[in-house]
1. Using only the C-alpha atoms of segment 220-369, find the volume of their convex hull and express it per residue in Å³.
2. Which order do the peptides 206-215, 417-426, 508-517, 612-621 take when ranked by the mean count of other beta-carbon atoms within 10 Å per residue, highest first?
3. Tell me whether segment 560-661 comes out rounded, prolate or oblate; compute the Cα gyration tensor, take square roots of the eigenvalues as a ≥ b ≥ c, and use a/c under 1.5 as the rounded threshold.
4. Provide, as a two-decimal number, the C-alpha radius of gyration of the chain over 2.2 N^0.38 Å, N being how many residues it has.
5. Quick one: plug the Kirkwood hydrodynamic radius of segment 63-146 (C-alpha pairs) into Stokes-Einstein at 37 °C, 0.692 mPa s, and report D in µm²/s.
6. Once the piece of chain linking residue 311 and residue 83 is laid out straight, how much longer is it, given 0.36 nm per residue of separation minus the C-alpha distance between them?
7. Report the FRET efficiency, 1/(1 + (r/R0)^6), for residue 49 and residue 436, where r is their Cβ-Cβ distance and R0 is 25 Å, rounded to 0.05.
8. Assuming 1.306 mPa s and 10 °C, estimate D for segment 145-417 with Stokes-Einstein, Rh taken as the Kirkwood radius over Cα pairs, in µm²/s.
């Protein structure tokens, strides 16, 4: 790793909670999207060792969030490559005063090595030691929220920090105040699903109930759980200011110190970007990353799929480009989430105390509930059934829930029975590297092929013209603990014959069982708008296979492809000839068709035609527009093209994709 890369990683790790409070938590939330964009630019500069670019980005970050210590620290690192160290030391001192107090990190940072021989460096180190854990100037200590006797908690800015790394709020709550508010007659007052069984278990002490757990509704009370039916469950709301700003609606954004159950029976219904909350999370990389962070911090969320999914015979719809375990989607509209939300809280109440605490401590509370729901689907009769599509629908229907089986499994679970989850990473091979296509070169679009990449959900949009696409994926158990782990890979959505999951070239036949696979997808077998989900499961000795993580491959709905007899692409019609809905977050409308040319079996380029068949231009294999040809037909003059959007002027219609010459 380069010195620049080390700086980015160390600073991000050290400053996860170092943002000062001179700017409010709600203020941080307001600039979070811009902040994330700047950080992405900063990482790009790090990768290119672009000190000047780093400096520019850091100054923009400081202008956006003046009291964020991370930007000042990284600016000091960028300025250390100048001949004059004065400003570098000024920024280093500011970062220390704002919260960078890790002396060993500062001393060992390679980017600051040029400063280390200067007496001012030792002075900065001494200042970091002196300030220690003291609050930065202007920062007021957070006040942990105290849970009132009625278990109805309102949180405000005084209880919230903003974590730029996780892109969410962190709630400070006096956990001890929760236990004191739990009713003594919890067994008698429990009024959720499987009431008789769970009440009896709580009474005899074999079930934990819902003490020290939170319920967070994010639809303004439209589909609110009756929290009083679950003694000990704390019902959370945000203050009036948060509601005025819309911070309390739709997508989750708060980390809590104990498990959370949540729902939002809402959807985005206006404009061309309409979608359910579930689809929103899977098409916005930042929200996807936040959801996986909450999932790994013991939060279980339920959302209706609304108009994005239906299994009605005359109206089968699946508009999701990926699957994920960090949310449970229900088939239907408002209130369809309630059945599964109530069942989730009941399953938690049925758990033994030691089992639940083990799951919480190991960050496996939400994955365990996902596993229990999927294993308890009525059609899933065996552990083998669990590894098939039967257990992993895109959205769960009313008939997919067997509450008695669910709470029974939850109650019988012991700490040693809790299976691991799976963390995934897209990797590459030094022996047989996988080459990924480049936007605007290998396909006519500026959008990335990877829609989102998180440890629990990898979503890939198949954009280039290749008939077969390969990715290498490595799985590790989550959390990483001692003891052997066995992995299993299975196609749980889409045509199994369209996918090969096998050991990577040159690797042991047992590589998939150990967590390393080569996944090859045949694009020819995926219909426009179709999807393939490959699930990975893990187990340890004595456990079953646990909650899945997914690698998803989707085909753009607006494209119709034709293939040659040798398997190579013949043409791609981008005009949406089949009239299918295409998510604008994945691909925008365009008005052309590309017909590919070959010589001696090798593609030489393509000719582009308008929707009415008029020739619009000739292009090289690399996507350059040919301006003039030599006598032998080879390109003489050519120009790179850039793909841009333009407004159609039609209300509630997405912009179109078009292209311009770079010069």
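Readers should treat all values here as calculations from the given coordinates under stated rules, not as data from a laboratory. Keep in mind the model is a prediction, meaning the values are calculated, not measured. Note that each Cβ is placed from the backbone with ideal geometry, even for glycine, and that neighbours are counted across all protein chains shown.
1. Numbers: hull volume 19.5 nm³, N = 150.
About 130 Å³ per residue, rounded to a whole number.
2. Numbers: 206-215: 23.8, 417-426: 21.4, 508-517: 16.4, 612-621: 13.2.
By packing density, highest mean first, the sequence is 206-215, 417-426, 508-517, 612-621.
3. On the way: a/c = 2.58, a/b = 1.49, b/c = 1.73.
Because a/c hits 1.5 or more and a/b fails to exceed b/c, segment 560-661 counts as oblate.
4. Details: Rg = 27.1 Å, N = 663, 2.2 N^0.38 = 26.0 Å.
The reported ratio for this selection is 1.04.
5. After rounding, the answer is 246 µm²/s.
6. Details: separation 228, 0.36 × 228 = 82.08 nm, distance 6.64 nm.
Extending this stretch completely gives an extra 75.4 nm.
7. Details: r = 22 Å, r/R0 = 0.88.
Taking R0 as 25 Å, the efficiency between residue 49 and residue 436 is 0.70.
8. Details: Rh = 18.9 Å.
So the translational diffusion coefficient is about 84 µm²/s.
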